[in-house]
């Protein structure tokens, strides 16, 4: 579905005169002008405004009635809100001198609940239920922060599995992933069934029985085709099947999940907001929830999604890759571990070894785990020289191309 | 939910050197810059291109992999595709010298099926099933065209029911609607329950038992609140309850529909695409489907939605109002009558008496019916003097305000 990605971002810098907050809407090429126009439309909410209450400010942006018409709460406008909300969190964490995951992990349950918009999810999660989930996790928080600093958070890698690699390269990359200590790998599938069966067999041979090998279809199938294709791959025991069909099709995911059980369904990188996630959970249509740091409305809506997943007992294994998504999403999983679910069991964060060199506080993935970031902020800031080189249309990368 | 609308549009004109096609993305105020940027991103699909095959061209735009990342198929990017697709249809109908409804109504079932993207709806509607629906309606088409030209298509009016009118005005406007021959009226609800009960009682008194009075909540409620509120209004027999909650919440709509039965649920003006409509139909979550001419990807996706509704036997009663939505949507309902369902029973098109003076071929609503438009095109073209006066930021309406 994404044959020609050209990883890009509409990039936001907010300054309070002392500190800067950075955020971005990740795109795969054209569309940055559109995202930039959407971000500009949000200027009145931050320029010269008191930005200390990020629960209230987030809701103000989401409920701007004129801009809401363009969604509501989906697509371009929602991604723009994400960029601004995430930049405000980067700023707040820098001012607090803490990495975002720790800033969140040290907030009280009441403060966390105040960040969430319960509108349209109240039938499954009330503020009281959210408080109860957070209070239940409160006792062990200090120990878990220590454990996280010590052991890190498990990662999996998509590097071996891109379509178009020959069998020899697939074999070599699977071996390297094992050697590097990753806890899981993932193969892209859906272009050609015969190829997929062969590639899956090779990966299974290299990784051995029991090693988690996920597959990812990037929305290629209709419901019937998904079931047919996955059944053909089932002898190789996929750990999960990711994005089997349209991210909007809750009932389609549920039908697929029932038909391919016990093979689990995973989805989320294109799920537009908490309302769709609520329904995927209600229908038991997913077994792994793959939130994205920059598609829903930023940190605040992702907290709602973490709480919904916790209520349903579904593990969150975030989507990453792209530009800076690994950097952002690690903070959300670590907050989930410390303050929401209290466990890393059956949970992994995606890792793609790509473009980290452009960030001032890049992820550190060692021996198959994300090390907990220590620098203040949301790890969202790109290096000034990277920004200068890649800015469109005047940066040298564009000028000279 | 829409306290301060300022009706606007991002407006598209395409020219083939002889004819012009007009289209627009309707907004309620800010956001036009964003829509304009999104429309500009589609220029490569039309500038200097052969635009004769609108089935193929529509799919090309929807499947642009980079722009698709900004949705997929929802929000700003999808509304931009709608504006361009609708402008292409306006152009095509003008070149054919026919009003759009008639151009479509005279196409063969095979040609109509070629306009539809069946991706992600194949589990409920295959091309063969669509063909069967269209072929079943084929025999009576000529007679229905005659009937439509003679009798028009039933309309209903929202004019009496805006929030903020005093009781006297409500009473007077209800009486006027009856005198004008409208077949149904609609009241906005959801701000204050006591007020709504009083207003509904007044409307029922004026209109009498059995006259259809719909209510419209504009997404104000969560599931529980919707059920509570509607039950309180049920003694006054609402004809339908429109947008009781988030347009994304298929399961929420289904829960509400079951709880308030036999009062029917209606929704659609904010439903993002055919995939959500498919699910609303699968769950019997709506009893009236209110497609919008300019939110999903234009004429082509609306044909898919008409076919889905026909398969499930759910009447389509389109959303209108805004800027030019009445002008567009009448063509779709008339095509539905002639070529898809063959009936106008239990069907009405919304009518709001607002801003028609800006269009070169404005709707004609007389004695409670839309007269079938006769001028070539999609009735989408604004008068040059209206465009000149309202163009942002240099038109006199803006300059002098």
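The values are calculated or read from the model by the stated rules, or taken from the named source; none is laboratory data. Keep in mind that what you see is a predicted model, and the values were worked out from it rather than measured. As a convention, Cβ positions derive from the backbone with ideal geometry for all residues, glycine included, and neighbour counts pool all protein chains shown.
Taking the stated definitions as given, is residue A:130 free of Cβ contacts under 8 Å to residues at least 24 places away in the same chain, closer than 25 Å to residue A:308 by Cα and assigned to a helix (DSSP H, G or I)? For residue A:130, the condition - free of Cβ contacts under 8 Å to residues at least 24 places away in the same chain, closer than 25 Å to residue A:308 by Cα and assigned to a helix (DSSP H, G or I) - is not met.
Taking region A:1-37 only, how many residues are outside any strand (DSSP E or B), facing chain B (nearest Cβ under 10 Å) and under 19 Å from residue A:380 (Cα atoms)? Final tally of qualifying residues: 4. Would you confirm, using the coordinates I've provided, whether residue A:55 is in contact with a helix residue (DSSP H, G or I) (Cβ under 8 Å, 6 or more places away or on another chain), away from chain B (no Cβ under 14 Å) and in a helix (DSSP H, G or I)? So residue A:55 passes the test. Looking across region B:234-277, the residues that are more than 23 Å from residue A:283 (Cα to Cα) and touching a strand residue (DSSP E or B) at 6+ places or on another chain (Cβ under 9 Å) come down to B:236, B:237, B:238, B:239, B:240, B:241, B:242, B:263, B:264, B:269. Residues in region A:279-313 that are in a helix (DSSP H, G or I) and closer than 25 Å to residue B:280 by Cα: A:279, A:280, A:281, A:282, A:301, A:304, A:305, A:308, A:309, A:312.
Selection over region A:29-50 of residues that are surrounded by fewer than 17 Cβ atoms within 10 Å (Cβ to Cβ), more than 12 Å from residue B:33 (Cβ to Cβ) and in contact with a helix residue (DSSP H, G or I) (Cβ under 8 Å, 6 or more places away or on another chain) gives a count of 2. Number of residues in region B:352-395 that are assigned to a strand (DSSP E or B), out of contact with any helix residue (DSSP H, G or I) (no Cβ under 6 Å at 6 or more places or on another chain) and surrounded by 14 or more Cβ atoms within 10 Å (Cβ to Cβ) equals 2. Quick check on region B:280-290. Is at least one of its residues closer than 19 Å to residue B:105 by Cα and in contact (Cβ under 8 Å) with a residue 24 or more places away in the chain? No; the residues of region B:280-290 include none that is closer than 19 Å to residue B:105 by Cα and in contact (Cβ under 8 Å) with a residue 24 or more places away in the chain. Residue-level analysis places residue B:214 outside the set of residues that are touching a strand residue (DSSP E or B) at 6+ places or on another chain (Cβ under 6 Å) and assigned to a helix (DSSP H, G or I).
In this entry, residue A:84 passes the filter for residues that are on the phi < 0 side of the Ramachandran plot, in a helix (DSSP H, G or I) and either more than 10 Å from chain B (Cβ to nearest Cβ) or touching a helix residue (DSSP H, G or I) at 6+ places or on another chain (Cβ under 8 Å) (or both).
Among the residues of region A:228-243, those that are surrounded by 18 or more Cβ atoms within 10 Å (Cβ to Cβ) and either at the interface with chain B (Cβ under 8 Å from one of its Cβ atoms) or in a helix (DSSP H, G or I) (or both) comprise A:229, A:230, A:233, A:236.
Looking only at region A:244-262, residues that are more than 7 Å from chain B (Cβ to nearest Cβ), in contact (Cβ under 8 Å) with a residue 12 or more places away in the chain and assigned to a loop (DSSP other than H, G, I, E, B) come to 2 in all. A residue that is assigned to a helix (DSSP H, G or I) and under 24 Å from the mean Cα position of the chain (by Cα) occurs nowhere in region A:184-201. Residues of region B:219-233 that are touching a strand residue (DSSP E or B) at 6+ places or on another chain (Cβ under 7 Å) and in contact (Cβ under 8 Å) with a residue 40 or more places away in the chain: B:233 alone. When the residues of region B:278-288 are filtered to those that are closer than 19 Å to residue B:214 by Cβ and buried (at least 24 other Cβ atoms within 10 Å of the Cβ), the one that is nearest to the other protein chains (Cβ to nearest Cβ) is B:280. For the structure I just gave you, tell me whether residue B:120 is on the phi > 0 side of the Ramachandran plot and either touching a residue at least 24 places away in the same chain (Cβ under 8 Å) or not in a helix (DSSP H, G or I) (or both). So residue B:120 passes the test. Scanning region B:267-277 for residues that are without any contact (Cβ under 8 Å) to a residue 60 or more places away in the chain and more than 7 Å from every other protein chain (Cβ to nearest Cβ) yields B:267, B:268, B:269, B:271, B:277.
Of everything listed in (1) within 27 Å of residue B:7 (Cβ to Cβ); (2) in contact with a helix residue (DSSP H, G or I) (Cβ under 7 Å, 6 or more places away or on another chain); (3) surrounded by fewer than 24 Cβ atoms within 10 Å (Cβ to Cβ), the single unmet condition for residue A:74 is (3). Select from region B:141-181 the residues that are within 22 Å of residue B:349 (Cα to Cα) and either in a loop (DSSP other than H, G, I, E, B) or within 14 Å of chain A (Cβ to nearest Cβ) (or both) and list them in ascending order. Correct list: B:152, B:162, B:163, B:180, B:181.
If the condition is being more than 22 Å from the chain's Cα centre (by Cα) and assigned to a loop (DSSP other than H, G, I, E, B), then region B:87-105 contributes only B:97.
With the structure loaded, tell me whether residue A:137 is closer than 21 Å to residue A:329 by Cα, modelled with pLDDT of 95 or more and under 24 Å from the mean Cα position of the chain (by Cα) or whether it fails that test. Yes; evaluated as a whole, the condition is true for this residue.
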